[in-house]
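The values are calculated or read from the model by the stated rules, or taken from the named source; none is laboratory data. Owing to the predicted nature of the structure, the values given are computational and were not obtained by experimental measurement. Glycine gets a Cβ as well: all are built from the backbone with ideal geometry, and neighbour counts include every protein chain shown. Each accessible area value is taken on the protein alone, full model and side chains, heavy atoms only, with ligands, DNA and RNA left out. Shrake-Rupley method; radii C 1.70, N 1.55, O 1.52, S 1.80 Å.
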Amino acid sequence: MFQVLNMNLHTMRTVLKNAVNEVIVCTDLKRDSGVFYTVVSIADSQVRREVARQVTGEGLFSANRDFVGSFAYRDRFCLVFRYQPEVRLCNREMIQAETFADRKRLAAAFLVACAEIEAGGEVGELLLRERNINLAPDGRVYFNYFIDFGELAGRGRPADFYYAAATCAFDILAREYSERYERQVDLYPRELQAFFKKKESRGFSSFNQILTAVKAIPDEPDELHFGVRRLLDRIIGFKKFLTRNSMTIFLAVLVAATVIYAAYQIVLRVAWRQNEKVNTSYIGMNSIGEVYLGDEDV
C-alpha cells in the first residue's frame, strides 16, 4: 500500500516483476470512484536515476493526460498513470480493420496516440509493445503503461522512437500483404514499398511526417502482378489511359497528321521543281502543224 499523491493506493494485480522494475494495478482506497491506476516501480539504481532525471528535469510525460505523477518510495522511484481497459490492438485489429482503408485509419489513430503520450527515446520505444497498445470500439488507440525497463539491457543501439512508431504503423498497413507474401516487401504494393524504404533509412523525424506519408497512400493500393497477369494489367492500364485522354490523343494525332502531310507536300513540290530544272532542255521547234522541220534522213 502506498499513501502518496493524496491517494491511498492498494495493489490489486501485479502485471510484471523483475530485478529492474515492477508494474502493478492499484485502486485508491481513499475514493470509491472505481478508477484504477498503473504504478511502475523502478528498483534498479541506474534506471531509477535516469528516469527520475527525465521526469523531473526534462518533463517526461508532463503533458500526458494519463500521467498522475511520480514519487520516491524507499529505494524505488515510482510513476503513476491512470489505468485503462486492456483491449489489445493486436487482438482487435482483424475485427475492426478488415479493409486497407480501415487499416489506414487505424495506423493514423495509432500515430496520433503516439504523439499524445509525450514520450520519446528509449522510454517511448518501450511503450510500443503489444501489451501497451489498445484499441477502443470507436477506433481510438490508447496506451497502458506496463513498461518493462528490463528490456533496456543489452540493446547496444541508440533509441529511435520515430523509427519504432513508423515500424508499428507499417506493420498495421501491411498486415494483409505480410501474410500473403511471407514478409517479402518487394512483392507489396509500390506505395508500401516506398514507405518501408523511407522508414528503414530513418527518413522520418516527426509524427507529422509519418502521418502525412500514411495519408498519402491510396485506400486501394495497386498490387504487383507477374507473368500473364502483369501483361494483362498493362493492357488494361493502357486502355484506361486511352479512355481518360481520348480527346487529347485525338487532337494530338490530328495535328501531327496535318503537320506531317503539309511537310510531305512541301518536300514533294521542292523535289519536283529541282527535278524539272535538271531534266528539262530546249532543242527548238521540230514541226509546224503536219510539216516536219527536222532532218528527214536522220
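Let me check I've understood the local charge: for P221, count other residues with C-beta under 9 angstrom from its C-beta, Lys and Arg +1, Asp and Glu -1. What total comes out? Don't skip to the end; give the middle numbers.
Working: positive: R190; negative: E191, D219, E220, D222, E223.
Charge balance in the 9 Å sphere: -4.
Which order do the peptides 248-258, 122-132, 87-97 come out in when sorted by mean C-beta neighbours inside 10 angstrom, highest first?
Numbers: 248-258: 10.3, 122-132: 18.6, 87-97: 15.1.
Per-residue mean Cβ counts within 10 Å order the peptides as 122-132, 87-97, 248-258.
Could you order R74, R65 by accessible surface area, starting with the largest, using a probe radius of 1.4 Å? Provide the component values of the computation, followed by the final result.
Working: R74 210, R65 165 Å².
Sorted descending by solvent-accessible area, the residues read R74, R65.
Taking only protein heavy atoms into account and a 1.4 Å probe, give the accessible area per residue of the range 1-66 in Å². All intermediate terms of the calculation are to be shown ahead of the outcome.
Numbers: 3670 Å² over 66 residues.
Accessible surface, normalised per residue, equals 56 Å².
Quick check on packing: order 264-270, 114-120 by the mean number of other C-beta atoms within 10 Å, highest mean leading.
Working: 264-270: 10.0, 114-120: 19.3.
Descending mean neighbour count gives 114-120, 264-270.
Gain in length, N208 to L187, computed as 0.36 nm per residue apart minus the alpha-carbon separation, to one decimal in nm? Don't skip to the answer; put the middle values down first.
Details: separation 21, 0.36 × 21 = 7.56 nm, distance 2.72 nm.
Residue separation times 0.36 nm, minus the Cα-Cα distance, leaves 4.8 nm.
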